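Undergrad: My structure is below; once you've seen it, I'll send some questions.
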Amino acid sequence: MGLLNWLGFSKPRDAPELLPDIQDNVRDSANMFVFGMTHSGERVDERTAMQIVTVYACVRLLSNTIAGLPLHLYRYTGEGEDKELAFDHPLYKILYRQPNPEMSSFSFWEALMCHLLLWGNAYAQIVRDGKNVILGLYPLLPENVEIDRDPKSGDLIYTYHAYTDEKPGEHDKDIIFRRDEILHIPGLGFNGLVGFSPIAMMKNALGAVMAVERYGSAFFKNGAQPAGVLEHPGILKDPQKIRDNWTKAYGGARNAHRIAVLEEGMQYKPISLPPEDSQFLSTREFDVEEICRMFQVPPHLVQDLKRSTFNNIEHQGIAFVQYSLMPWIIRIEKGIMKDLLLEEEQDVYFPKFNVDGLMRGDYQSRMNAYAIGVGNGFFSPNDVRRLENMDLIPDEQGGNDYYLNGSYNKLQDAGAAYAVNEPKQEQPDTEEQDDPEEETDDRFLRKKHRKINKNGGM
């Protein structure tokens, strides 16, 4: 056994005979903001941050919402922007129903979205067959992935440290993946290749939240009472024993408001409540707003309803889709096109999340919008029924017909129904020419009769 094997640097699985000379010039963007101790003295990382209630609520909300959206693969039909579902493409089933035999699509996208929110990057191994057809996607823990660049070829190289038994037979080994073997969705970053962790960037703010929670726990552990002083007129031989007995008998929330019995002239003098204790609840409320601001989540979606009313909560929900979900959705869609579609397929196929269900208003607003759509010809009755998850109307009953209100005309066609703008055509007068010098009653009656006939009897 060589020195490298003895040190644990054995040859990775599926690695070439000669590993490239890896230069650490890609992952610097992600490591610029590192974890560790914060100004408050609390240690923050992805797992400790998830113990904060608001962080957990925001991550769960964003992950569950995006994982619950239908993800379809579409194909352009060649007629403008018309599209159709690409049921026959092997990637459709993987994206929409089951990425791998062990996970549903909801679990898969929930995990990847959680990785994006906490680590700033989401990785998944791409399994292909000999014909380059994708057979499955398997998520990888971002904390075990390193991205490097081969200085000879310039290609990206993904090194996965298999420190767990998630890959049988690959325990404590480094696995090298090529760029076409990894689905990588990066978050916000400086170089565009690797995203940095939002938790690492916001570690001081989150550390302050954790310090407040720790202070609150200690505050209520001592019966929600400030520290006090025990005074004894004499000299105590063992003050630590008295302190321990006092804490055991009267410390903690369960022992609050118990009646104390003091002996030998001992007196208890509580210290007045400091001002910072009176601001404790206000600080906790500000922490909720700070974390919601970090994840760009409306506070009412994590049960903070102080500024929400029945008049604006619907619009806040729509704003959540537009400004909170859509950037993540577009980031995922572009990552799928980049890594899962072949170059010749990217002009024909595209993935799309369906967010129509999240953008719907209240029942009355939807019905008014549907009435306008059907009356103006861009909705058929079945289009509306699909949006409302209702059974379709058969074709013979007009379910797929489009209607248009006939009272609308183009500006240049105004008055066409009454032949106002049409040029007058001269018609030969077949009746006998009357003598202009003779203006008899019979001639006047004949002219009036012809005029009535031309106007349709009016």
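Undergrad: Only one of Tyr92, Tyr96 is open to solvent by less than 50 Å² (accessible area, probe 1.4 Å) and in contact with a strand residue (DSSP E or B) (Cβ under 7 Å, 6 or more places away or on another chain); which?
TA: Values: Tyr96 fails: open to solvent by less than 50 Å² (accessible area, probe 1.4 Å).
It is Tyr92.
Undergrad: Just for region 70-89: of the residues that are surrounded by fewer than 19 Cβ atoms within 10 Å (Cβ to Cβ) and within 19 Å of the chain's Cα centre (by Cα), which one is farthest from Phe108 (Cα to Cα)?
TA: We begin by selecting, within region 70-89, every residue surrounded by fewer than 19 Cβ atoms within 10 Å (Cβ to Cβ); these are 70, 72, 74-85, 87-88.
Checking which are within 19 Å of the chain's Cα centre (by Cα) leaves us with 70, 72.
Numbers: Pro70: 13, His72: 15 Å.
That would be His72.
Undergrad: So, of the residues in region 216-231 that are open to solvent by less than 50 Å² (accessible area, probe 1.4 Å) and over 43 Å from the mean Cα position of the chain (by Cα), which turns out to be modelled with the lowest pLDDT?
TA: Checking each candidate, the answer is Pro226.
Undergrad: OK, next. Pairs needed: first member in region 324-346, assigned to a loop (DSSP other than H, G, I, E, B); second member anywhere, open to solvent by 50 Å² or more (accessible area, probe 1.4 Å) and basic (Lys, Arg); C-beta distance under 9 Å; at least 6 residues apart or different chains.
TA: Gln346/Lys338
Undergrad: Note down all Cβ pairs under 9 Å where the first residue falls in region 300-314 and is in a helix (DSSP H, G or I), the second is modelled with pLDDT of 70 or more and open to solvent by 100 Å² or more (accessible area, probe 1.4 Å), and they're at least six residues apart or on different chains.
TA: Within 9 Å, the pairs are His300/Lys306; Val302/Val53.
Undergrad: Among Lys131, Lys152, which is the only one that is of a type in the set (D, E, K, R), more than 24 Å from Asp356 (Cβ to Cβ) and without any contact (Cβ under 8 Å) to a residue 12 or more places away in the chain?
TA: Lys131
Undergrad: Only one of (1) buried (at least 21 other Cβ atoms within 10 Å of the Cβ); (2) among the small types (Gly, Ala, Ser); (3) modelled with pLDDT of 85 or more is not met by Ala30, so which one is it?
TA: (3)
Undergrad: When residues of region 127-153 are filtered for being closer than 15 Å to Ile175 by Cβ and open to solvent by less than 10 Å² (accessible area, probe 1.4 Å), how many remain?
TA: Number of matching residues: 3.
Undergrad: Could you please tell me which pairs satisfy a Cβ distance under 7 Å, a separation of 6+ or placement on different chains, a first residue in region 79-103 that is under 18 Å from Glu345 (Cβ atoms), and a second residue that is open to solvent by 70 Å² or more (accessible area, probe 1.4 Å) and not charged (D, E, K, R)?
TA: Partner pairs satisfying both residue conditions: Lys83/Tyr76.
Undergrad: Would you say Gly373 is without any contact (Cβ under 8 Å) to a residue 12 or more places away in the chain and not aromatic (Phe, Trp, Tyr)? I'd like the intermediate steps shown before the answer.
TA: Values: without any contact (Cβ under 8 Å) to a residue 12 or more places away in the chain: yes; not aromatic (Phe, Trp, Tyr): yes.
The answer is yes for Gly373.
Undergrad: Give me the residue from region 42-53 that is part of a loop (DSSP other than H, G, I, E, B) and open to solvent by 40 Å² or more (accessible area, probe 1.4 Å) and, out of that set, modelled with the lowest pLDDT. Even if it seems obvious, please write down each step before you answer.
TA: Taking region 42-53 first, the residues part of a loop (DSSP other than H, G, I, E, B) are 42, 45, 50-52.
Right, trim to open to solvent by 40 Å² or more (accessible area, probe 1.4 Å) and you get 45, 50-51.
Details: Asp45: 85, Met50: 91, Gln51: 89.
The qualifying residue modelled with the lowest pLDDT is Asp45.
Residue-by-condition table, conditions (1) outside any helix (DSSP H, G or I); (2) modelled with pLDDT of 70 or more; (3) touching an Asp or Glu at 6+ places or on another chain (Cβ under 6 Å):
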| residue | (1), (2), (3) |
| --- | --- |
| Asp180 | no, yes, no |
| Leu183 | yes, yes, yes |
| Gly192 | yes, yes, no |
| Leu206 | no, yes, no |
| Arg214 | no, yes, no |
| Gly234 | yes, yes, no |
| Arg243 | no, yes, no |
| Ala249 | no, yes, no |
| Glu263 | yes, yes, no |
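Undergrad: Further, regarding this structure: Please state which of the following conditions Lys167 fails to meet, knowing it meets all the rest: (1) within 28 Å of Tyr123 (Cβ to Cβ); (2) more than 33 Å from the chain's Cα centre (by Cα); (3) open to solvent by less than 70 Å² (accessible area, probe 1.4 Å); (4) modelled with pLDDT under 75.
TA: Every condition holds for Lys167 apart from (2).
The values are calculated or read from the model by the stated rules, or taken from the named source; none is laboratory data. Because the structure is a prediction, the values reported are computed rather than measured. Cβ coordinates were reconstructed from backbone atoms using ideal geometry, including for glycine residues, and neighbour counts include every protein chain displayed. These accessible areas exclude ligands, DNA and RNA; they are computed on the full protein's heavy atoms, side chains included. Shrake-Rupley method; radii C 1.70, N 1.55, O 1.52, S 1.80 Å.
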